[in-house]
Amino acid sequence: MGAFNEKYFPEFPEDIFNSVIKNSRGIYYVGGFVRDFLLNINHIDRDVLVCGIELPKLSDILKKFGRADIVGKSFNVIKFSNKSIKYDFVVTSNRTKSGCFPDSSLSLEEDLAQRDFTINSIALDLSQKTIIDPLSGLKDIKNKILRANSINTFINDPLRIMRLCRLSAKLSFKIGQSTKKFATNSLEDLSNIAMERVGDEFKKFMLLKNPSIVFECLLEIGALKTLLPELYECVGVTQPGGMHAYDVFQHTLKTIDESPEDLLIRFAALFHDISKPSHKILGENGRARFYNHQKTAGEIALKWLKNHSFSYKFAENVATLIEFHMFSHAETEKGIRRFIRNLGEDLLCPLFELRLADTKAQGLGGDIDEEIQYRNRVMKVLLSKPPLAVQDLQLNGFDVMRILDIKPGKTVGDVLNYLLEKVIDDPKLNKREILREIVKEKYGRT
């Protein structure tokens with residue numbers, strides 16, 4: 001235990017502190033917030049360990065100051081927030097095997113030892129304004145090293161293998177050799193982790209500045225083959241004879257890193273070439289071809305994302321970006337309008353971001369300027385607001401029913417889609433009287 005400069009001690013609402021401390025044996029900041037505070041990294045969520053108080057009692061106290069919801073089946077967490085506090089923090093008590101209760105034989109130090117890594121096992125005593133560091137986490141922060149608290153760290157929760165790699169990438173910390181060994185020895189249980197938890201961990205590290213570091217770490221430890229076997233199969237798959245300087249795996253990682261920090265684009269980058277190994281064909285000139293890989297890659301992405309509890313809409317959009325990422329530049333405005341129509345306006349910018357990242361990651365001088373020029377052409381056409389959807393037509397379904405004297409049904413939709421194809425080819429046709437004549441001529445009604 002050591003003294004802490006009170007001037008730099010993280011604030012805690014005084015009114016809440018006074019009410020809680022009267023009914024407890026101690027209040028401590030713990031976990032990732034303490035780690036990031038010591039590293040001067042912004043951390044929105046704050047974990048607070050409250051000892052010597054029953055969970056319902058703590059909940060009742062907190063409800064006087066804001067919203068307090070008990071969550072979690074095994075950790076008994078209270079998520080608290082109010083308008084005067086700009087961050088949400090989690091107040092924890094009655095943790096499994098915790099030293100918070102008088103009848104428990106575990107001390108606070110032993111409670112901290114049950115956590116994952118030494119740098120996450122530091123507590124700040126809110127009463128004494130002191131720091132509690134039983135596992136030398138401060139030393140590891142200073143030396144920029146990640147060490148597991150025990151040989152059981154990954155056995156207790158194999159998902160910590162992913163967290164290990166994420167923290168290594170986020171903090172630029174090295175992983176201790178014994179910790180790396182502990183992780184490798186716990187790989188068998190990684191496949192038993194709930195897919196939703198795996199998906200959540202992917203979301204976290206895919207928004208890092210360089211997610212490639214996480215994937216390299218997972219590959220080295222041996223976890224990548226279990227978590228995403230299709231990506232593992234990309235390792236060492238060369239792409240000779242074209243614009244690619246790297247194998248499919250390295251190109252994929254570089255594409256992710258080149259992408260903006262946006263989950264939609266990052267996941268599209270992750271999966272965009274993932275089926276290339278099964279599509280690889282070498283021509284007589286030694287050049288590799290991967291015909292139609294974008295279609296199967298989109299299917300793999302859609303299945304994986306849905307299985308890992310991503311929304312159907314998100315998974316569909318990722319798959320669409322992948323299926324379109326090999327698009328050819330349309331030569332005419334008519335071709336551009338069809339390109340926009342087939343893709344959808346909402347996905348235009350993400351697709352161009354993916355395409356630029358893909359081109360940059362090739363490594364052999366892909367023409368970035370050409371891609372930017374085409375993007376500008378497409379945006380210019382889009383800004384002219386051409387008719388691109390049925391609702392843009394100057395004739396609607398009720399008009400079609402009156403002209404053809406028909407009832408609502410599939411035919412109405414077919415007619416509108418036919419008209420849309422016409423006006424996409426020539427926007428000047430999108431006038432009410434002209435469209436009426438097209439309907440009469442096509443379907444023979446007066």
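The values are calculated or read from the model by the stated rules, or taken from the named source; none is laboratory data. Here the structure is a predicted model, which is why all the values come from computation and not from measurement. In this analysis, Cβ positions are derived from the backbone assuming ideal geometry, glycine residues included, and neighbour counts consider all displayed protein chains.
Which of the residues that make up the range 415-441 are of a type in the set (D, E) and assigned to a loop (DSSP other than H, G, I, E, B)? Before the answer, list the steps.
The first filter runs over the range 415-441 and keeps only residues of a type in the set (D, E), leaving 421, 425-426, 433, 437, 441.
Passing the criteria: only D426.
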Filter the range 350-402 for residues that are closer than 30 Å to E437 by Cβ and aromatic (F, W, Y) and give the result.
-> F398
What number of residues within the range 290-315 are charged (D, E, K, R) and surrounded by 14 or more Cβ atoms within 10 Å (Cβ to Cβ)?
-> 3
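Does F324 qualify as being at pLDDT 95 or above and within 26 Å of L388 (Cα to Cα)?
Details: at pLDDT 95 or above: yes; within 26 Å of L388 (Cα to Cα): yes.
Criteria met by F324.
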Tabulated pairs, the range 163-188, first closer than 14 Å to M206 by Cα, second part of a loop (DSSP other than H, G, I, E, B), C-beta under 7 angstrom, 6+ apart or interchain = R163/D116; L167/F173; A169/L208; A169/N210; K170/L208
Has the range 234-246 got at least one residue that is out of contact with any strand residue (DSSP E or B) (no Cβ under 7 Å at 6 or more places or on another chain), assigned to a helix (DSSP H, G or I) and without any contact (Cβ under 8 Å) to a residue 60 or more places away in the chain?
-> no
Conditions (1) assigned by TED's automatic domain parsing to the domain that holds E258; (2) out of contact with any Gly (no Cβ under 6 Å at 6 or more places or on another chain); (3) surrounded by 14 or more Cβ atoms within 10 Å (Cβ to Cβ) -> T359 fails only (2)
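Which of the following residues is closer than 20 Å to H308 by Cβ and modelled with pLDDT of 95 or more: P211, P260? Talk me through it step by step, then tell me what you get.
Working: P260 fails: closer than 20 Å to H308 by Cβ.
Step by step, each of P211, P260 is checked, and only P211 is closer than 20 Å to H308 by Cβ and modelled with pLDDT of 95 or more.
Considering only residues of the range 178-195 that are aliphatic (A, V, I, L, M) and under 12 Å from F154 (Cβ atoms), which is surrounded by the fewest Cβ atoms within 10 Å (Cβ to Cβ)? Show your work before the answer.
Of all residues in the range 178-195, those aliphatic (A, V, I, L, M) come to 183, 187, 190, 193-195.
Going one step further and asking which of them are under 12 Å from F154 (Cβ atoms), we end up with 183, 187, 190, 193.
Working: A183: 26, L187: 16, L190: 22, I193: 18.
In this case the residue turns out to be L187.
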Counting only helices (runs of 4 or more DSSP H) entirely within the range 304-414, those with at least 1 residues that are within 23 Å of the chain's Cα centre (by Cα) and of a type in the set (D, E) are 312-324, 348-360
Which condition number in (1) crowded, with 20+ Cβ neighbours inside 10 Å; (2) not in a helix (DSSP H, G or I) is the one that I256 fails?
-> (2)
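Tell me whether the range 351-359 contains one or more residues that are among the aromatic types (F, W, Y) and either more than 24 Å from D262 (Cβ to Cβ) or modelled with pLDDT under 95 (or both). Talk me through it step by step, then tell me what you get.
Our first condition is that a residue be among the aromatic types (F, W, Y); within the range 351-359, this holds for 352.
Adding the requirement that they be either more than 24 Å from D262 (Cβ to Cβ) or modelled with pLDDT under 95 (or both) leaves none.
Checking the range 351-359: not a single residue is among the aromatic types (F, W, Y) and either more than 24 Å from D262 (Cβ to Cβ) or modelled with pLDDT under 95 (or both).
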Considering only residues that are farther than 20 Å from T184 by Cβ and without any contact (Cβ under 8 Å) to a residue 12 or more places away in the chain, look in the range 140-157 and name the one that is surrounded by the fewest Cβ atoms within 10 Å (Cβ to Cβ).
-> K142
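If I filter the range 37-44 for residues that are in contact with a Lys or Arg (Cβ under 7 Å, 6 or more places away or on another chain) and either closer than 23 Å to I141 by Cβ or at pLDDT 85 or above (or both), do I get at least one hit?
First pass over the range 37-44, keeping only residues in contact with a Lys or Arg (Cβ under 7 Å, 6 or more places away or on another chain): none.
No, the range 37-44 contains no residue that is in contact with a Lys or Arg (Cβ under 7 Å, 6 or more places away or on another chain) and either closer than 23 Å to I141 by Cβ or at pLDDT 85 or above (or both).
Of the residues N430, N417, only one is surrounded by fewer than 18 Cβ atoms within 10 Å (Cβ to Cβ) and not acidic (D, E); which? Step through it out loud before you land on a result.
On the way: N430 fails: surrounded by fewer than 18 Cβ atoms within 10 Å (Cβ to Cβ).
It is N417.
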Looking only at the range 302-347, and only at residues there that are in contact with an Asp or Glu (Cβ under 8 Å, 6 or more places away or on another chain) and small (G, A, S), the one that is nearest to I368 (Cα to Cα) = A319
